[in-house]
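Worksheet: one structure, shown below.
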Amino acid sequence: MSDRNGELVRRVSFDNIGAFQALVGEFSKNIKQIERSLHVSISIKGNTVAVSGDLLAGEKAERLLKQLYSLAREGYPIHPTDIDQGIRLLDNDSGARLRDLLLDTVFISAGKRPITPKTLNQKQYVQVMRNHDIVFGIGPAGTGKTYLAMAMAVAAFHKKEMRRIILARPAVEAGEKLGFLPGDLYEKVNPYLRPLYDALHDMIDFEKASRMIQRGDIEVAPLAFMRGRTLNDSFVILDEAQNTTSEQMKMFLTRLGYSSKAVITGDITQVDLPEGTKSGLVEAVEILQGIEGIAFMWFTDADVVRHPLVQDIIRAYEKRMPPGNRRVRSS
């Protein structure tokens, strides 16, 4: 560490050229992102980087670079979201290890991209899904609740731990009046289920996913289609569960058969039910606490892994929200 023009300079050398190039990124995009995010200046000479900035920012940049390099040496592809989450993780805990999150691969997508938890809560969520038969994932949009659940379901199917994947959503309009929808039953409900298809096709290529749906290995359906069924050997995901009624939630939870898992996801601050109708998800939180085999996982805006502005948007809306409507945490 040296002093130059009043700024602290840290120099770090890396011996594996391939991993170093992966760390730097094409056209130094990863280095530029770190500079912008931490307000430091990073220069590269050969296989050595020099980090200029104040003490705390420089230390954080050095730790981040070393940890990302270690991941790159093991073949992990560095993505912009990994840098954002790495900075956020080190903000909360300077001794945190990125590898504990990013090397816990849930599934390898069709594009050969590893799907891994990006935050400590997401890692705990994955562990909870591995160890419990019914899991509730509750929190704001963009926290990976449904995406990670789907990755777990696809992984379980490929390992032959489950015979079917069932993805369900209540068909409730999110504050919009769509009116009469033309077409057959599939065409009428398909707009409500589109987000589930989007996540599915992000993990499995379109043709393979279509074949699995045709064979019945994967079923994407409105929640109403679950009535009267017993779901054995299935990984079942109920998305947007805040828009279930009490009766619908009870109906869904009692469909679970032998050797099955259910993951229920939702955001209890985004209920689109008619005024005066209690959310089945809110009621389930109140009723099912303490039952062995059922786990509740709560996410916050710190777990958002979409565009960085999404965190700021969520916080801004929560500040304006009446206290009684804000997220309620389980004990």
Ile213 meets each of (1) within 25 Å of Ala110 (Cα to Cα); (2) open to solvent by less than 30 Å² (accessible area, probe 1.4 Å); (3) of a type in the set (A, V, I, L, M, F, W, C) with one exception, condition (2)
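Taking the range 61-109 as the search range and keeping residues that are in a helix (DSSP H, G or I) and of a type in the set (Val, Ile, Thr), which one is nearest to the chain's Cα centre (by Cα)? Give the steps one after another, and end with the answer.
Within the range 61-109, the first condition is being in a helix (DSSP H, G or I), and the residues that meet it are 61-73, 80-92, 98-102.
Pick out the ones that are also of a type in the set (Val, Ile, Thr) and you get 81, 83, 87.
Working: Thr81: 12, Ile83: 16, Ile87: 17 Å.
The selected residue is Thr81.
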Please count how many residues of the range 271-295 are free of Cβ contacts under 8 Å to residues at least 12 places away in the same chain and part of a helix (DSSP H, G or I). 2
Here are the criteria: (1) crowded, with 22+ Cβ neighbours inside 10 Å; (2) in contact with a helix residue (DSSP H, G or I) (Cβ under 6 Å, 6 or more places away or on another chain). Tell me which single one Ile138 does not satisfy. (2)
Select from the range 231-270 the residues that are part of a loop (DSSP other than H, G, I, E, B), open to solvent by less than 10 Å² (accessible area, probe 1.4 Å) and of a type in the set (Val, Ile, Thr) and list them in ascending order. Thr244
What pairs come up if the first residue lies in the range 8-25 and is under 19 Å from Gly86 (Cα atoms) and open to solvent by 50 Å² or more (accessible area, probe 1.4 Å), the second is at pLDDT 95 or above and of a type in the set (Phe, Trp, Tyr), and their beta carbons are under 7 Å apart, counting only those six or more places apart or on different chains? none
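With the condition kept exactly as written, say whether any residue in the range 152-163 is among the charged types (D, E, K, R), surrounded by 10 or more Cβ atoms within 10 Å (Cβ to Cβ) and modelled with pLDDT of 85 or more. Give the steps one after another, and end with the answer.
Quick first cut of the range 152-163, residues among the charged types (D, E, K, R) only: 159-161, 163.
In the following step, the residues that additionally are surrounded by 10 or more Cβ atoms within 10 Å (Cβ to Cβ) were identified as 161, 163.
Add one more test, that the residue is modelled with pLDDT of 85 or more, and what stays is 161, 163.
Among the residues of the range 152-163, at least one is among the charged types (D, E, K, R), surrounded by 10 or more Cβ atoms within 10 Å (Cβ to Cβ) and modelled with pLDDT of 85 or more, which makes the answer yes.
The values are calculated or read from the model by the stated rules, or taken from the named source; none is laboratory data. As the structure is a prediction and not an experimental result, all values here were calculated from the model. Cβ: placed from backbone, ideal geometry, glycine included. Neighbour counts: every protein chain shown. In case anyone asks, the SASA skips ligands and DNA or RNA and just uses the protein heavy atoms, side chains included. Shrake-Rupley method; radii C 1.70, N 1.55, O 1.52, S 1.80 Å.
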